[in-house]
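Trainee: One structure follows; several queries about it will come next.
The values are calculated or read from the model by the stated rules, or taken from the named source; none is laboratory data. Computed from a prediction, not measured in an experiment: that's the story for all the values here. For neighbour counting, all protein chains shown are included, and Cβ atoms are generated from backbone atoms with ideal geometry for every residue, glycine included. Keep in mind that these areas ignore ligands, DNA and RNA; they rest on the heavy atoms of the full protein, side chains included. Shrake-Rupley method; radii C 1.70, N 1.55, O 1.52, S 1.80 Å.
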Amino acid sequence: MSIKKINVISRNPDQYLRETKRDIHKVQRNYDPDLHPFEAAREYKLALNAVKLEKVFAKPFIGSLTHTEEVSAISRHPSRLSCIFTGTVDGEVLLWNIATQKRQWQVQGHNGKVWCIVGAPDGNSFFTVGNDKTIKRWSLEDSDLPTDTWLCDTIVTSLTHHRYRQEFVTCGQRVLLWDVGTKAPKTSYDWTTTGDRSDTTTTCVKFSPVQADVFASGDHSNNLVLYDTRAREVKKLKMSMRINSLAWNPMEAFILTAASEDYNVYSFDIRNFDNKGRVVCVHEGHTSAVTDIDYAPTGREFCTASFDKSVRIFRTTEAHSRDVYHGKRMFRVNCVLWSTDNKYILSGSSDHNVRIWKAQASEKMGILAPREKSAKNYNEELKNKFGHFPELRRINHHRHLPKHIYNAKKEHRAIKDAQARKEANRRIHSRPGAVPFIPFQQRSVVGLQDEIPSTSGFSPNQSGGVGGGDEDDEEEDDM
Amino acid sequence: MGKFNKMGRGGGSSSNSHWNQQQQQHKFKSKGMKPERYSNVKCEVKDGVMVTEYTLSRKQLKRFPGRKVVDPKLLQKYSKGEGVQQKIYGRKNSILRHKMKKKEEKIHQAEEEAARTETLLTESSGLLEAEEGTYTAHITQKDIRKAVDITTAAKGFDLQLPFGPYKMRFTPNGRHLVLGGRKGHLAAFDWVTKKLHTEINVMESIHDVCWLHTEQMMAAAQKEWVYIYDNQGTELHCLKKLDRVLKLEFLPYHFLLCSSSESGFLSWLDVTLGKEVIQFPTRKGRIEIMCQNPYNAVLCCGHAKGTVTMWTPNKKEAVMTVLCHPRPVKAIDVDPSGRYMATTGLDRMVKIWDSRNMGEQLHSYLLPHGAMNVKFSQKNLLAVSLGNVVEVFKDVITGGASKSYMTHKADGIVTDMQFCPYEDILGISTYKGYSSLIIPGAGEPNFDALEANPYISLSGRREAEVKAVLTKVPSNLITLDPFTIGQVDVPTLQEKVDAKAKLIHVKKPEIDFTPRYRMKGKSGSAQKFKRKQKVKVDQQREYLKAAKEQREALLSDTTDSKTKQDDKPSEVLDRFKPKKKAQKKN
């Protein structure tokens, strides 16, 4: 025998097989790259599967809360995560439990439309504003009578409460600052500007949650005004179309986002309000006026409600929507709310319903097992890694749209192209520099109060605000 | 951190403030004490008090040294590439740089963690050493079977089978074996437990056999067509699209059954759909020698002219052709990592090539005869068969294989052989049967259960099958470099040339113009046609004019250099030179 030393692979099966049937299977790993070929191609395939599965599971609709009338206002409960307040056009104010989808409390709050509901920062009361020129404060204890009532001489369209001080601001014919303890407004912010009708109505007002003394308003004469309660008005910006709703980014205090009548949503940087960089992003996608907007508590995303019967979700940094929610029976959406736990979106529409949607359409509800969680994270990472591949992009970006949105989108595309072509032609055939290039983001902004030429009557076409889709927007104005 | 007072290090359990206090105290008070553990002692007199400071060396300071540093060589094995150089993003784009940096860090961490798992591997690789003065090649299978334990000895066995010559194939997990005899004998069995799955005679010649993705199905290339049988020997499919096949290969990650035929056709068949991906003629004659490269799923074929060609289903031409031998190629094999290729030819040479850089051979060895079979093992042993002799070489890749590692004389001419994955076994099939030889050090001792598990259970196999089908790699991703999918798409020279040629040779655009209807006799068909023709010709001319300008601009830089050469000062006698023909213009 000339063998000095011999060693042959001889495995003991007991080390590789489970002992009993109740055990889990043993899995030996060897991360040697040679044993794992086609790493990139297999990952790509997994990413493709992940994107497809996301589409398969994209079922965002959870349920609806049925009302007896068109829903006009929606608000968070000041202290409970699972509850919301809704208001209808015939003056009812309702408290709903989202988890059970049951109504908990109901009161005939106003004669006529409930314009706005706002939770008070003390956590046990809330304010409502109605078409009957009253502001009411309700206690959260089950009483059907308001604890406080303020009478106004004109209709109040919106209300916003200071983050921590006992003050609130209302708007309507005038923008008024109230103290909770007194029955008369503390300050009135009247600022009739040149060219504006003095009876212009302010439609929305919103306190900043971070810079607590700053608030903004939008009115019927297309102004976006910034105020500071410590001083007077700060800035007044003229837009080419009316602003319907405002929201402050809860994480980046300087970002103010406005839902506009011209189908777009504008994000402003209030630090740069004076110069051309004030519009940070124009969020496009809706095919009719945008009626309401609400930020996610993370400040990364916001959702918008629109007259085109859809709700869209935008990322703050992206110009086009991440997702669009629509329903067969959903009509014009009046108000929208992003839940505080960042999981749900609620939309109140004129078909007497508040719909509950998932914020992430394909998210699995309920508690995830650890393996599910890691699989989800892995899939997310794969989508990040390979998401830009054409095959994946196509699947990921595809959204089924109802016919009216699809057609309107196509039409707007054609209109925009035609306008761009016309402008280019005009530029070719005129003196160099006579038709300047205006960046898209600056087109729908007419200018600051000081910048506006005082003689003009603010027709958007005169002031160089020939923005994309502006002309046809005006036709839709009275929708 | 390196500078501490003597007592500073002692206060491990005391609170932080106490620690500081001690430190301060001893900064002024410790005199004359000089423990030897501390190097760098510094003494000075301050305010009449001698102060001694000790500086700790870094080594002593580390009470918790952290995890063991991974061997850089090991890291190299698990390396995922160089990574991105962050400089190219410029200093301004700091967010992108930060992101890239984080990503790189993650990748490095993954590499390191993978390298650390090496210590958890339980099994060790096989080895064989001979007494001094003798060679391992002199050790016979008989000796080895005597020396090893009883279960391993049972793995070396011989089968006398009458229907030879035989072809054979192991499953990827090395557990099952299929044998196909030329005279129609088809047998599948678990060769470890010697449990027979099926044994039939297909009553036709069998040219090659191949497992599909599990041991449940196998393909046999018979006289006319390829048949698929299941574990019980039931004929599942007859693939008439694959006719007169000589060699079969299965690409496990793509689920493609590849075949090469007598008429020189290559075909790829998707077994999940039963559909042919592509079939085309190679125009190289009968293809008897074919193997797959497990690294990139490219098929390598050997030809009688001494060339080796590589084929993917995405191109009807060979993606690579290499002249390997001056005589016909007889066998090819690519090692499981896909780095090396071995070819043998009738010129009695075995050549080792770098399969990713096929320009030059790494090593070549001269054999006494031309080898008819060549196979790599997982640990890069190389087996070659010369008639009825099998020789196994070690270190062929490093060039140190002057003598054979092991030899074996079979009782018939060896027709096929394969190293069993994850075992130290070489299976050889001959004219007279099959035998499995124990070759210590051939197989990878540690398998990865999620890729190939010899001990897989029934439910495990079912689950693995579903997962494998879900991650079936699309056949259009088969390229020479399998990482193309994750890389930046840089246009090749050919693509650039094509793009340029496209600019040069433009086609007239088709103009779709319907003339408007006009009153007063102007819309007769002749008038209409004239108007249409005019618009058409005008537009086409304009287009061609623009194209011509573009082309001239493109060609100007190339022609400039030519004209310069022609602008030599003409001499008197030049007139007698033969006249140049007028150059054709594009």
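Trainee: Suppose we filter region B:509-551 for residues that are open to solvent by less than 100 Å² (accessible area, probe 1.4 Å), outside any helix (DSSP H, G or I) and either touching a Gly at 6+ places or on another chain (Cβ under 8 Å) or not hydrophobic (A, V, I, L, M, F, W, C) (or both); how many remain?
Mentor: Residues in region B:509-551 being open to solvent by less than 100 Å² (accessible area, probe 1.4 Å), outside any helix (DSSP H, G or I) and either touching a Gly at 6+ places or on another chain (Cβ under 8 Å) or not hydrophobic (A, V, I, L, M, F, W, C) (or both): 5 in total.
Trainee: Taking region A:47-64 as the search range and keeping residues that are open to solvent by less than 50 Å² (accessible area, probe 1.4 Å) and within 14 Å of another protein chain (Cβ to nearest Cβ), which one is nearest to residue A:325 (Cα to Cα)?
Mentor: Taking the candidates together, the pick is A:51.
Trainee: Name the residue, out of B:170, B:189, that is among the aromatic types (Phe, Trp, Tyr) and within 22 Å of residue B:372 (Cα to Cα). Full working, then the answer.
Mentor: Values: B:189 fails: within 22 Å of residue B:372 (Cα to Cα).
After ruling out the rest, the residue left standing is B:170.
Trainee: Give the residue, chosen from B:421, B:482, that is within 14 Å of chain A (Cβ to nearest Cβ) and farther than 20 Å from residue B:152 by Cα. Explain how you work it out, then say what you get.
Mentor: Details: B:421 fails: farther than 20 Å from residue B:152 by Cα.
Criteria check complete, one pass: B:482.
Trainee: Sticking with this structure for a sec: Which number in (1) over 25 Å from the mean Cα position of the chain (by Cα); (2) surrounded by 19 or more Cβ atoms within 10 Å (Cβ to Cβ); (3) of a type outside the set (Val, Ile, Thr) marks the one condition that residue B:224 misses?
Mentor: Residue B:224 satisfies all of (1) over 25 Å from the mean Cα position of the chain (by Cα); (2) surrounded by 19 or more Cβ atoms within 10 Å (Cβ to Cβ); (3) of a type outside the set (Val, Ile, Thr) except (2).
Trainee: Can you name the residue in region B:545-576 that is under 50 Å from the mean Cα position of the chain (by Cα) and polar (S, T, N, Q) and, of all such residues, is modelled with the highest pLDDT?
Mentor: B:550
Trainee: Just for region A:1-23: of the residues that are under 23 Å from residue B:141 (Cα atoms) and in a loop (DSSP other than H, G, I, E, B), which one is least open to solvent (accessible area, probe 1.4 Å)? First the steps, then the outcome.
Mentor: Step one: filter region A:1-23 for residues under 23 Å from residue B:141 (Cα atoms), giving A:1-12.
Applying the additional criterion that residues be in a loop (DSSP other than H, G, I, E, B) yields A:1-2, A:8-12.
On the way: A:1: 148, A:2: 25, A:8: 19, A:9: 2, A:10: 42, A:11: 23, A:12: 73 Å².
Filtering first and then ranking leaves A:9.
Trainee: Sort out for me the strands (runs of 3 or more DSSP E) sitting completely within region B:244-342 that have 2 or more residues that are of a type in the set (Gly, Ala, Ser).
Mentor: Numbers: elements: B:245-251, B:256-261, B:265-270, B:275-281, B:289-293, B:298-302, B:307-311, B:320-323, B:329-334.
Counting at least 2 such residues, we get B:256-261.
Trainee: Only residues in region B:168-190 that are of a type in the set (Phe, Trp, Tyr) count as the first member; pair them with residues that are in a loop (DSSP other than H, G, I, E, B), Cβ under 7 angstrom, at least 6 apart or cross-chain, and list the lot.
Mentor: B:170/B:420; B:170/B:421
Trainee: Hey, can you tell me all the residues within region B:476-504 that are farther than 30 Å from residue A:387 by Cβ and in contact (Cβ under 8 Å) with a residue 40 or more places away in the chain?
Mentor: Within region B:476-504, B:500, B:503, B:504 qualify.
Trainee: Restrict the check to region B:73-88 and report whether at least one residue is within 12 Å of chain A (Cβ to nearest Cβ) and more than 24 Å from residue A:38 (Cβ to Cβ).
Mentor: No, there is no match, as no residue in region B:73-88 is within 12 Å of chain A (Cβ to nearest Cβ) and more than 24 Å from residue A:38 (Cβ to Cβ).
Trainee: Let me confirm something: among B:187, B:154, which residue is surrounded by fewer than 19 Cβ atoms within 10 Å (Cβ to Cβ) and either more than 9 Å from every other protein chain (Cβ to nearest Cβ) or part of a loop (DSSP other than H, G, I, E, B) (or both)? It would help to see each step written out before you state the result.
Mentor: Working: B:187 fails: surrounded by fewer than 19 Cβ atoms within 10 Å (Cβ to Cβ).
Unique residue meeting the criteria: B:154.
Trainee: Is there a residue in region B:332-343 that is within 29 Å of residue A:36 (Cα to Cα) and free of Cβ contacts under 8 Å to residues at least 12 places away in the same chain?
Mentor: no
Trainee: Taking region B:462-471, which residues are more than 7 Å from chain A (Cβ to nearest Cβ) and of a type outside the set (Asp, Glu)? Write out each step before concluding.
Mentor: Just the residues of region B:462-471 that are more than 7 Å from chain A (Cβ to nearest Cβ), to begin with: B:462-469.
Scanning region B:462-471 gives B:462, B:464, B:466, B:467, B:468, B:469.
Trainee: Quick check: is even one residue across region B:144-153 in contact with a helix residue (DSSP H, G or I) (Cβ under 6 Å, 6 or more places away or on another chain) and more than 20 Å from residue B:292 (Cβ to Cβ)?
Mentor: Let us first name the residues in region B:144-153 that are in contact with a helix residue (DSSP H, G or I) (Cβ under 6 Å, 6 or more places away or on another chain), namely B:145, B:153.
Still in the running and more than 20 Å from residue B:292 (Cβ to Cβ): B:145, B:153.
Yes; the residues of region B:144-153 include at least one that is in contact with a helix residue (DSSP H, G or I) (Cβ under 6 Å, 6 or more places away or on another chain) and more than 20 Å from residue B:292 (Cβ to Cβ).
Trainee: Within region B:356-387, count every residue that is within 14 Å of chain A (Cβ to nearest Cβ) and either in a strand (DSSP E or B) or open to solvent by 10 Å² or more (accessible area, probe 1.4 Å) (or both). Working first, answer last.
Mentor: Pass one, region B:356-387, residues within 14 Å of chain A (Cβ to nearest Cβ): B:356, B:376-381.
Still in the list and also either in a strand (DSSP E or B) or open to solvent by 10 Å² or more (accessible area, probe 1.4 Å) (or both): B:356, B:376, B:378-380.
Number satisfying all stated conditions: 5.
Trainee: Here's another thing I want to ask about it. Identify, by number, the condition in (1) without any contact (Cβ under 8 Å) to a residue 12 or more places away in the chain; (2) open to solvent by 10 Å² or more (accessible area, probe 1.4 Å) that residue B:448 doesn't meet.
Mentor: That leaves (2) as the condition not met.
Trainee: Shifting gears a bit: Which residues, counting only those in region B:370-398, are among the β-branched types (Val, Ile, Thr) and within 15 Å of residue B:128 (Cβ to Cβ)? Give the derivation first.
Mentor: Kept after step one, since they are among the β-branched types (Val, Ile, Thr), are these residues of region B:370-398: B:374, B:384, B:389-390, B:392, B:396-398.
The answer is B:392, and nothing else.
Trainee: Sort out which residues of region B:115-135 are facing chain A (nearest Cβ under 7 Å) and without any contact (Cβ under 8 Å) to a residue 60 or more places away in the chain, and write them in order of number.
Mentor: If the condition is that a residue be facing chain A (nearest Cβ under 7 Å) and without any contact (Cβ under 8 Å) to a residue 60 or more places away in the chain, then B:117, B:129, B:130, B:131, B:134 are the ones that fit.
Trainee: If you take the residues in region B:430-461 that are among the β-branched types (Val, Ile, Thr) and over 30 Å from residue A:25 (Cα atoms), which one is farthest from the other protein chains (Cβ to nearest Cβ)? Step through it out loud before you land on a result.
Mentor: Step one: of region B:430-461, the residues among the β-branched types (Val, Ile, Thr) are B:430, B:438-439, B:456.
Next, only the ones that are over 30 Å from residue A:25 (Cα atoms) stay: B:430, B:439.
On the way: B:430: 23, B:439: 9 Å.
The qualifying residue farthest from the other protein chains (Cβ to nearest Cβ) is B:430.
Trainee: Regarding residue B:475, is this residue open to solvent by less than 60 Å² (accessible area, probe 1.4 Å), farther than 30 Å from residue B:159 by Cβ, modelled with pLDDT of 90 or more and more than 10 Å from chain A (Cβ to nearest Cβ)? Show your work before the answer.
Mentor: On the way: open to solvent by less than 60 Å² (accessible area, probe 1.4 Å): yes; farther than 30 Å from residue B:159 by Cβ: yes; modelled with pLDDT of 90 or more: yes; more than 10 Å from chain A (Cβ to nearest Cβ): yes.
Taking the combined requirement at face value, the residue satisfies it.
Trainee: Among the numbered criteria (1) within 8 Å of another protein chain (Cβ to nearest Cβ); (2) buried (at least 16 other Cβ atoms within 10 Å of the Cβ); (3) in contact with a strand residue (DSSP E or B) (Cβ under 8 Å, 6 or more places away or on another chain), which one does residue B:138 miss?
Mentor: For residue B:138, the failing item is (2).
Trainee: Moving on to the next point. Quick one: count up the residues across region A:24-39 that are open to solvent by 50 Å² or more (accessible area, probe 1.4 Å) and more than 7 Å from chain B (Cβ to nearest Cβ).
Mentor: 3
Trainee: Filter region A:320-334 down to the residues that are over 16 Å from residue A:358 (Cα atoms) and in a strand (DSSP E or B) and list them by number.
Mentor: A:320, A:333, A:334
Trainee: While we're on this one: Output the strands (runs of 3 or more DSSP E) that fall wholly within region A:101-200 and possess 1 or more residues being of a type in the set (A, V, I, L, M) and under 27 Å from the mean Cα position of the chain (by Cα), or say none. Full working, then the answer.
Mentor: Values: elements: A:102-108, A:114-119, A:125-130, A:134-139, A:148-151, A:156-161, A:167-172, A:175-179, A:185-189.
Fully inside region A:101-200 and qualifying: A:114-119, A:125-130, A:134-139, A:156-161, A:167-172, A:175-179.
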